[in-house]
Every structure is written in C-alpha cells, then in structure tokens.
Amino acid sequence: MGRITTEGQYREHYDWSLNKNEEYWQNVAKELHWFKDFDSVQTGNFKDLNVKWFEGGQTNISYNCLDRHLKDRGDKVAVIYEANDPKVEAKKITYKELHQQVCQFANVLKDQGVKPGDRVCFYMGMVPELLTGILACTRIGAVHSVVFGGFSAKALAGRIQDCEASVLVTNDGSFRGGKTIALKAIANEALKDCPTIKKVLVSKRTNENIEADARDIDLDELLKNASSECEATPLDSEAPNFILYTSGSTGKPKGLLHTVAGYMTYAYHTFRNVFQMEENDIYWCSADIGWITGHTYLTYGPLLNGATTVMFEGVPTWPDAGRFWQVIDKLKVSHFYTAPTAIRALEACDIKFVQEANLSSLKVLGSVGEPINEEAWDWYHKNVGREKCPIVDTWWQTETGGIMISALAGVTKDIPTYATLPQPGIEPVLMDADGNEISTLAAQGNLCIKRPWPGIARTVYGDHERYKDTYFSAYPGYYFTGDGAKRDEQGNYRITGRVDDVINVSGHRIGTAEVEDAINQHPSVVESAVVGFPHNIKGQGIYAYVILSDEIAEDELKTQINNVVNEMIGPIAKPDAIQITPGLPKTRSGKIMRRILRKIAANELDNFGDTSTLLNPEIVDSLIKGKK
Ligand code: WTA
C-alpha cells in the first residue's frame, strides 16, 4: 500500500481503515517480514480488554529494522551519532554495521543467560549502546525497560523491582552539556534494593572512577569479543516487546507493556505517513530514548522504514543556544522533530543563534509532548522552518505506542496549535459531561478512542486491573486518554491538555500524587498538595502547597524539599514554587478541592465557583494572601 502522498489518498485510507479495519491493517502488516503468517488480524475489544493483533503470526522487530534492509540498504547510513562534545566528529553507522553491532550485543545478552521474556533494564546516557542494546533485546525476545538517565536511584530501583529485571545495562557516567551525571554511582545505590538483578553490564563513557558492584561486568570488553552473527528469534505477535514506565494520576508509575507485531506495524506506518521521508533524507528526533518518543520515532519507526536517524547525546543550549541549529547544518538534517519546551527555551535566547544558521536542508518540522502554543509555533515556523517547512504537531502517548492525531507533512494541512486529523485506523471521539459521545463536529470534551489500533499498550505490567481502571473505567468500552480536546467544523482536533492529575512539565508526565508522596517524606511536612500552573518555558510548572508541623525558614525548606524530591524521583520533578499554608481547601468528605489550588497557582484570583461544600472556606483568602 505504500505511503500516503495526497490529501485525497489520506481520505481514502482513512475511510478504508474504518470500514474494513482488518483488511487495512493486514495490508500494512504484510509489507513487513513474517517468519510465520498470522491467522487473524485482530481479536478482542475495549470491553473484555483482551485486544490482540496478528495472532498466530511470528515476526521480529529487530529483523524488520535491520536484516530486511541489508540487501538494498546495507551501506546506507542507519544512525548518525552526534556526541555531546561538538568537536567530536559525528559517527556514521551503516545498516550493515548496525546489524553487526546489534548481533554482538544480542550474543552478549545470551551469554549472560538472558532468555526470551526476561526483562533487561537500561539506565544510560544517549550512547549508541543504548540503541543497539534495545534492538538486541528485541532480537532475542528479551523485554527492554529503559529508565531515563535523569531519574533518581529510588525511581530506578522502583522500576527494576516492579518488572523484576535480571540484567541492568548502564554507563559509568553520562555527558549532558557541561555536566556529567554519575550514572553508575546512582545505579549502585539503586542496586542495593534490587536482588533480582544478576548482572550489571557497564559501558564506559565518561571514564570516571566507579565503585564496583559484585555483579559488574565490562560490557565494552564483551562486545569487542562477541560474534557478529545472531539469528533473530521468531517471536509470537503478542510476545512482550518492551515496558516503559510513565506517571499516572495515582500511585506509583505504571509499566506500560507493548507487544511485538502490533507496535511494529503501527510504528512503521505512522512514521512514513506523518514524516514523509524520501530515501536520502536525514531525520532527527531530539528526544531521549528514555521516553516513548525516543523508542518509536528515534529508533523503531525510522529503522523499520530504512531511514537515516540522528542520535544526539547533548542538550540544546550547550556549548551555546545554537547547538540544535549547528547540528542541523552540519548533518544536513531534513526532518527535525522536537518538543515545544525546547522551542520555547531557544526562543528565549538571542535570535542570532538561529539566524546565523543556514537551515536550508530542512523540509519538515515536528512537535511532540505537549500542546504547542501559537507563539512558539509561529517562531518555529518562521525562524527554523523559514516559512517553507510544514509542521506536524503530533499528539500521542506512551500508551498509544505511536502518533494518533497529526497532519501528514505537506500532505494534509497543518494548523497552528491543532494536532489536526486522526491517523488511519484511529477513531477519536469527544465525551460530554454525562459520559456520552458528542455527535456534532464542532465540540469540546474529553478525548477517547473508540476502537483498538495495533499500537495500543496491552496492559500495565503485572497489573491488568490497573490498566482497566485507568483507561477503560471512566467511559466503558472506550480508551480514555486523560486529555481534553476541541474539534472544529472540519474535524480537526486541538488538544487542550490533561484533565486528570498529571502535570506535563517540559513534555514529561509527572503525577501530582508522586510529587506529594515525595514531599511528604520531609519530616516537617504534615500534608501537601501539588498542582500544575502555566509556565513560560516548561509549559507547566509544579506548584506545591505544604502544611508544616514546625517553623522552618522558607529558603531552607525549599532546599530540603528539592533534595527530597530529587532523591525520590529526580530533578525533573522539583517544584517551581512552594507555598506554606496552614490548611488546604477540603470538602466535607475530606477531598482536596484542587480546582481552587490550580486557580491560585495560575494567579486567577477571582471567581472560585461553588465553594459551599468546603469545610473551611476561610482558607481560600489565606491561600490567596500567601500566593508565591
Ligand atoms: C501530551 C508523549 C498536545 C498529552 C508522546 C498526552 C500532547 C501526554 C501532544 C503524553 C501534542 C503529547 N499536543 N499534547 N502534540 N503530544 N501531548 O506519554 O497530554 O510522554 O496525554 O507521550 O503528552 O505524554 P507521553
């Protein structure tokens, strides 16, 4: 079926995908390699929650990313690695070389006793071994769980314990701009509480001194000596592919489980349609592999399509705020995919950085992770895209596996601040306050998806009940996204943001409950409540209200709370503002009225709506007076 190249074709595909859903996906899937054909396309539904795709089939995503291209694209560059240090020459890895490296890594894992279904945790910087490592897992049917290198020891330990990983792959340290992060020291701390880990494979990056753990093994040495031949293992379509943890509105982070064939098919099809790459184009997704974007659109999507993908170790503002633009010029990047928070951060820097760059190689720009405000969209379009590059504003989630709502670059129309139209096979609906589908086109409501698509996460690892509760209980029979959206007369969607207790800080999902749990560890904190508020660069910032048992100077408290949040979660969850308060607005049933806290944090100090159910209405004035 190939890629969609005209607006008319998009309409045809979309109608086809809804009218003959199974036929449509069968056609897409058949373009990939199967060791054994599937018997059925899709079974199960959003009521029994036992959705399966391509059952009876056997395939391998690493085979489809690598081996499938060796004949025609063996010498084509698969990955361009741009290190943190701009003086270091970019490393080009061809498909043939990547295949060899992945095979070597797979052999190392096998030699260390890793079996199909075993969980392997990665806690690394953006180094090539992270990319080859996850592909190596999928090659032998091991399940990767990548933990972002900015998480704390406690957060890492929690994720390892939850999935009972048997191997941890890490670096001595990682480079991030002018800083280094002592990954191994943090991992050692975590490892004290991780008895399931049998082996720790350590690759050197920063060459700092590290304290050895009895389970340590020198990964670089093993890779050097490993055979570069390793057949891909045929895996059942619904075999687990990877687990990725993300925050929810309650409790600890959830390990979303994606399976092999459906995820692969969806990543493959959405990548080619949304980004519209030609054979010699160069694609750069600036996300870290620790997030879903780095999984689907840095690694799997591009490689499944035989594209050239850039992997960048550094940060946008080091050595200066021109780094992104210098890399685009240096590598002749044609497709650039980044987050609104990065755009806003660079917009706040001297305009000369972007103006001095050439940027003539760019054809397509992308945005992901949070709603992109109009000002940032315009700046991106004008200064980076030089008014000639379409912008794809791609809405999706860790749970969805791939892009759900987005323009197709240059094919369907982009509209500032709108994600626009659903991808083939995706049937979004808006729900009203009574839980019914809104049938008029122009509307606003909670965003749900009405039918299964191949890329949906199949469960929360080890807790299928939580999967049901979180995504399928608010609107039975529908997948509930947790986002609100508006739809215009033409059916274009505009995502308005989370409607649950999840804050989107710089494109990273942070559960308010998680931050509260961390803050409550402080010995003087009696109770806390955390809400999001609008933040110029981060999109949303974290605002914490705390009730104390004894008096502490504010500065001191701030440092202590930051430390405890750092320790429990990591620096990304540090509050931007902390307000000490004698109480919190509570209903008679003891529930915190967060609506009021959000309004105060956002500096909307009037019109609090109905506060008659508050047990302590007088607290509102006191909260306003203490506003930070
Ligand atoms: C938000 C990232 C508006 C949304 C791929 C979603 C967006 C959450 C967009 C998922 C977008 C992501 N426009 N909001 N283009 N993309 N979001 O799991 O609130 O890290 O629910 O996946 O980010 O975040 P996650």
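The values are calculated or read from the model by the stated rules, or taken from the named source; none is laboratory data. Because the structure is a prediction, the values reported are computed rather than measured. Neighbour counts are summed over all protein chains in view; Cβ atoms, including those assigned to glycine, are modelled from backbone coordinates with ideal geometry.
Starting from segment 416-442, take each residue that is closer than 19 Å to V368 by Cβ and list its partners that are at pLDDT 95 or above and surrounded by fewer than 16 Cβ atoms within 10 Å (Cβ to Cβ), counting only C-beta distances under 6 angstrom and pairs at least six apart or across chains.
P416/E374; T417/E374
For (1) touching a Gly at 6+ places or on another chain (Cβ under 8 Å); (2) exposed (fewer than 14 other Cβ atoms within 10 Å of the Cβ), each residue gets a yes or a no:
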| site | (1), (2) |
| --- | --- |
| V531 | no, no |
| I547 | yes, no |
| I578 | no, no |
| G590 | no, yes |
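From the set of residues in segment 256-295 that are polar (S, T, N, Q) and over 22 Å from H13 (Cα atoms), which is farthest from the chain's Cα centre (by Cα)?
Step by step, filter segment 256-295, then rank; the result is N280.
If you check P428, P371, P340, P424, which single one turns out to be within 30 Å of F472 (Cβ to Cβ), in contact with a Phe, Trp or Tyr (Cβ under 9 Å, 6 or more places away or on another chain), at pLDDT below 95 and not acidic (D, E)?
Going through P428, P371, P340, P424 in turn, the sole match is P371.
Given the criterion within 10 Å of the ligand (Cβ to nearest atom) and either crowded, with 18+ Cβ neighbours inside 10 Å or on the phi > 0 side of the Ramachandran plot (or both), identify the matching residue among I449, I391, I426, I403.
Just a single option satisfies the conditions, and that option is I403.
Quick one: would you say G435 is in contact with a helix residue (DSSP H, G or I) (Cβ under 8 Å, 6 or more places away or on another chain), more than 30 Å from A348 (Cβ to Cβ) and away from the ligand (no atom under 16 Å from the Cβ)?
Criteria not met by G435.
The conditions are (1) within 19 Å of the chain's Cα centre (by Cα); (2) among the β-branched types (V, I, T); (3) within 16 Å of the ligand (Cβ to nearest atom), and V315 fails exactly one of them. Which is it?
(3)
So, restricting to helices (runs of 4 or more DSSP H) that lie completely within segment 1-116, which ones have at least 2 residues that are over 30 Å from G491 (Cα atoms) and hydrophobic (A, V, I, L, M, F, W, C)?
Answer list for segment 1-116: 95-111.
Find all pairs meeting these conditions: Cβ atoms under 7 angstrom apart; at least six residues apart or on different chains; first residue within segment 65-91 and over 13 Å from V327 (Cβ atoms); second residue at pLDDT below 95.
Short answer, once both residue conditions are applied: none.
Could you list, in sequence order, the residues of segment 306-333 that are surrounded by fewer than 20 Cβ atoms within 10 Å (Cβ to Cβ) and not hydrophobic (A, V, I, L, M, F, W, C)?
G306, T317, P319, D320, Q326, D329, K330, K332
Could you go through segment 207-214 and let me know if any residue there is over 28 Å from the mean Cα position of the chain (by Cα), at pLDDT 95 or above and hydrophobic (A, V, I, L, M, F, W, C).
No, that holds for no residue.
Could you check how many residues of segment 257-289 are closer than 29 Å to I391 by Cα and touching an Asp or Glu at 6+ places or on another chain (Cβ under 6 Å)?
Looking only at that region, the number is 0.
Can you tell me which of K363, K382 is under 27 Å from the mean Cα position of the chain (by Cα), more than 16 Å from the ligand (Cβ to nearest atom) and without any contact (Cβ under 8 Å) to a residue 24 or more places away in the chain?
Numbers: K363 fails: without any contact (Cβ under 8 Å) to a residue 24 or more places away in the chain.
The unique qualifying residue is K382.
Report, by residue number, each residue of segment 25-46 that is under 21 Å from A232 (Cβ atoms), surrounded by 13 or more Cβ atoms within 10 Å (Cβ to Cβ) and touching a residue at least 40 places away in the same chain (Cβ under 8 Å).
Within segment 25-46, V28, A29, E31, L32, F35, F38 meet the criteria.
Name the residue, out of S247, S286, that is of a type in the set (S, T, N, Q), modelled with pLDDT under 95 and within 16 Å of the ligand (Cβ to nearest atom).
S247
Got a number for residues in segment 406-422 being in contact with a helix residue (DSSP H, G or I) (Cβ under 6 Å, 6 or more places away or on another chain) and either in a strand (DSSP E or B) or within 13 Å of the ligand (Cβ to nearest atom) (or both)?
3
Out of (1) surrounded by fewer than 22 Cβ atoms within 10 Å (Cβ to Cβ); (2) closer than 25 Å to H295 by Cα; (3) not polar (S, T, N, Q), what's the single condition that is false for P454?
Tallying (1) surrounded by fewer than 22 Cβ atoms within 10 Å (Cβ to Cβ); (2) closer than 25 Å to H295 by Cα; (3) not polar (S, T, N, Q), P454 fails exactly one: (1).
Quick one: what pairs do we get from segment 297-318, first residue under 15 Å from I403 (Cα atoms), second part of a loop (DSSP other than H, G, I, E, B), C-beta under 7 Å, 6+ apart or different chains?
From residues that are under 15 Å from I403 (Cα atoms), the pairs are L298/A287; L298/I289; T299/I289.
Based on this model, can you work out whether E399 counts as in a loop (DSSP other than H, G, I, E, B), in contact (Cβ under 8 Å) with a residue 40 or more places away in the chain and within 19 Å of the chain's Cα centre (by Cα)?
No.
Name the pairs whose Cβ atoms lie under 6 Å apart, with the first residue in segment 509-538 and at positive phi, the second away from the ligand (no atom under 16 Å from the Cβ) and in a loop (DSSP other than H, G, I, E, B), and 6 or more positions between them or separate chains?
Every condition considered, no pair remains.
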